[in-house]
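Here the structure comes first, spelled out in C-alpha cells, and everything after it is commentary.
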C-alpha cells in the first residue's frame, strides 16, 4: 500500500484487504495528516492519562520561575552550570536504576556500591600508588560484579530483589568503611583522572556549540533517514514538518544550554559524559534486542519466558548494569568532594537516585520509562537543592520539599495508571 | 483434503504417577480442517494438547507427522515440526506494542539493531492477510480488547509459518462480537490450508467453525463426529458419557414445562 501524502488518508489504520468490505471500524485510531492530527492525538493521550514527560517539564518550568523570582542569581550562568555538573553523579546512578525499575524491581544498594567504588579507586591509586586509570577500571568492574552478584541471588536463587539489595546496602557500606581503614578520608589528586571528572571544562567556546550542533544534526539525520525508510517501505511516517519542529525545539534547548556554559567556563566534561551515557543507554534500551527483552520482562515474565528469552541472564545483566552505573556515580561524587570518605554513598543519595528516575517518569510498576527520564528527574531534584541553598534554607526543609515532590510524582504515576486502566490502556 | 493427515496420534497414552491421564487416544487432523477437541473438565484435553506441543512427552503410542512417526519431547521439537500453540493465557506483554509482541523473541535485526521498519511492514502484511483489524500496530497491547488480544496472539503463532495451529479455548473470555472475530480468524486459517485443533467448551462455537468433533471422556476417545451430520445433543451425550444426563434431563423438564 502506498501513502499519498496530499490526501487526508487514514495513515495509521491497517489496510483493508481488497475483497473485504471497505467499511472501516469507527473505533480505529485514524490519525489525520498535518498538525490537526497531532492536536487530536494529544487530546486523546491526555484523556487516556498518557501524560509522558509533560508534568515534569511543567514542574521544572515552575521551579525555575519560583526560584528566579526569589533570587535572580538562580538562572545565572554560574548557578545553572553548578546544577548541571552536580547532577551528573546522581544522574549516572539514576540511569542504572532505570534499568532495574523497568524490570519492576528495585535496587537499594546503589548508594553503598557507589561508596565502594570511590573507596576502591582512592585506596588503590592514592594509598597503594597504582596507576589511576587501572584503579578506575577496577572500581567500575567491581561495581558490575557486585551488581551481578545481587542479580544472581535474585534471579537464580529467587530471593526478593528488595531484600537482597537491602542486605547489599548494609554489607557494601561496611565493606567501604573496612577498606577505607581507620583514618577514614582519603584525598584525591585534583588533577588526576577522577579529580578532572567534574573540574575539567572545554574552555574553547567551540566545544559547547559543536556538541549542540552534533546533537541537533544527529537527531535530525536519524529522524529524517528513519522516516524515509518508513515511507519507502509504505508504512506510516511522520510529515517532514513534524521532524523540523522537533529538531527546532531541540536546537533551541541545546544551543541555549551551550550559550549558558560558554558564559561561565565552557562545556563541562561531566555533562559531555552524561549526554554520551544517556544517548548510549537509550539506544540500547529502545533499538536493540537486549533492550526489548528488558521491557518484555517488565511487561510479563511468563510471556518473555515463552518467547524464548533467557530470563535469568537478562535479570543478572540488568543488576550488573545498575552496579556499574552506581560505580560511575561514585567516581563523580569522589571527584566533586575531591576525596573518598566515610559518608560516601550514604544520606539522601539513594533516595535521590530513585526519586530522580521516578520523577522523570519511569514507572515503579515496571515496563515503562526511558533513560532520558534520569536527566529530567535529576534536574528537578538538583534545581530544588540549589534553589533552596541560594535562599539559605536548611537541609531539613530541603528534605521535606524533595519528599513532597517525590510523593506528588508517585501519585501522578498511580493516577495515570488508573486513568489508563479505565481508558483501557494499562 | 489430502489423504495423509498432517498430524495423527496412534494409541497415545500418558500417565502422571498413579493417574492415567490418556489411554490409547487416536486423533487425525488434515490440512485445511478444523478439528474441535471437546470433553468435560478433566477429560484429558489439555494433557493431549500438551503432549502434541511437546510439554509432556508421551508414554506409549506414536505421533505421526505427515505420515512419518516423530518424537516430540520438547516444545522446541513441536515448533520445528510446524506446530504452533496458543494457550488460554495469551502470553503477551501489555506494555509493548503490537509489532513488538508479534516479533518478541525473534526480532528482525539490521546490522545488530532492531529493524522496526521491516517488522512493522511484515506485521501489517500479516494482519492484512488474516484480515485482522486493530486500531494501530503501534499501540501497546494494554489498549486492545480481549478479542483483539486473542487475534494478535493467534497472528503471533502464524509468524513461524506453522502447518498445525492449536487453539486452547480461544473464545472462553470473549464477548459476542469478539467471539465472532476469533471464529472468523479460525475460518481464515482453514482457508489458508492450515490444520487447526480447537479446544472449546462452547458447543455453538464448535458447531460454527469445526469440521469434525473429537470427544474425549476420562482420557479415552469417545467418538469422532462430522459436525454437519451430528446434533448438539449427540455430542453432549458423548461428552457426558450417557444419554441420560443433567443436560438432557434439564432439556426434557423445560420442554415438559413449556407444554403445560
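The values are calculated or read from the model by the stated rules, or taken from the named source; none is laboratory data. What you see is a predicted model, and the numbers here were worked out from it, not measured in a lab. Here Cβ is always computed from backbone atoms with ideal geometry, including for glycine, and neighbour counts include all displayed protein chains.
Of the residues A:317, A:335, A:304, A:346, which single one is assigned to a helix (DSSP H, G or I) and closer than 29 Å to residue A:189 by Cβ?
A:335
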Every pair of residues 6+ apart whose Cβ atoms lie under 8 Å, when the first sits in the range B:108-128 and is surrounded by fewer than 16 Cβ atoms within 10 Å (Cβ to Cβ) while the second is assigned to a helix (DSSP H, G or I): B:108/B:118; B:108/B:119; B:108/B:122; B:109/A:289; B:110/B:118; B:113/A:287
Selection over the range B:80-94 where residues are within 15 Å of residue A:307 (Cβ to Cβ), out of contact with any strand residue (DSSP E or B) (no Cβ under 6 Å at 6 or more places or on another chain) and surrounded by 18 or more Cβ atoms within 10 Å (Cβ to Cβ) yields a count of 5
Among the listed residues A:366, A:298, which satisfies the condition of being buried (at least 20 other Cβ atoms within 10 Å of the Cβ), at positive phi and within 12 Å of another protein chain (Cβ to nearest Cβ)? A:366
Filter the range A:281-295 for residues that are assigned to a helix (DSSP H, G or I) and without any contact (Cβ under 8 Å) to a residue 12 or more places away in the chain; which is farthest from the other protein chains (Cβ to nearest Cβ)? A:284
How many of the residues making up the range B:95-108 are within 9 Å of chain A (Cβ to nearest Cβ) and more than 18 Å from residue B:160 (Cβ to Cβ)? 2
Scan the range B:139-146 and give yes if some residue there is farther than 21 Å from residue B:120 by Cβ, over 15 Å from the mean Cα position of the chain (by Cα) and within 14 Å of another protein chain (Cβ to nearest Cβ), otherwise no. yes
Answer yes if at least one residue in the range A:314-324 is within 14 Å of chain B (Cβ to nearest Cβ) and either buried (at least 24 other Cβ atoms within 10 Å of the Cβ) or touching a residue at least 12 places away in the same chain (Cβ under 8 Å) (or both), and no otherwise. yes
Might you let me know whether the range B:81-94 holds any residue that is closer than 25 Å to residue B:16 by Cα and away from chain A (no Cβ under 13 Å)? yes
Could you grab me the full set of residues in the range B:69-78 that are surrounded by fewer than 18 Cβ atoms within 10 Å (Cβ to Cβ) and under 16 Å from the mean Cα position of the chain (by Cα)? B:75
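Using the structure shown, decide if residue B:207 is in a loop (DSSP other than H, G, I, E, B) and under 14 Å from residue B:34 (Cα atoms).
no
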Residue check for residue B:81: modelled with pLDDT of 85 or more and touching a helix residue (DSSP H, G or I) at 6+ places or on another chain (Cβ under 6 Å): no
Considering every residue within the range B:55-67, establish whether at least one is free of Cβ contacts under 8 Å to residues at least 40 places away in the same chain, surrounded by 20 or more Cβ atoms within 10 Å (Cβ to Cβ) and touching a helix residue (DSSP H, G or I) at 6+ places or on another chain (Cβ under 8 Å). no
Filter the range A:369-392 for residues that are touching a residue at least 12 places away in the same chain (Cβ under 8 Å), part of a loop (DSSP other than H, G, I, E, B) and away from every other protein chain (no Cβ under 14 Å); the one that is surrounded by the fewest Cβ atoms within 10 Å (Cβ to Cβ) is A:391
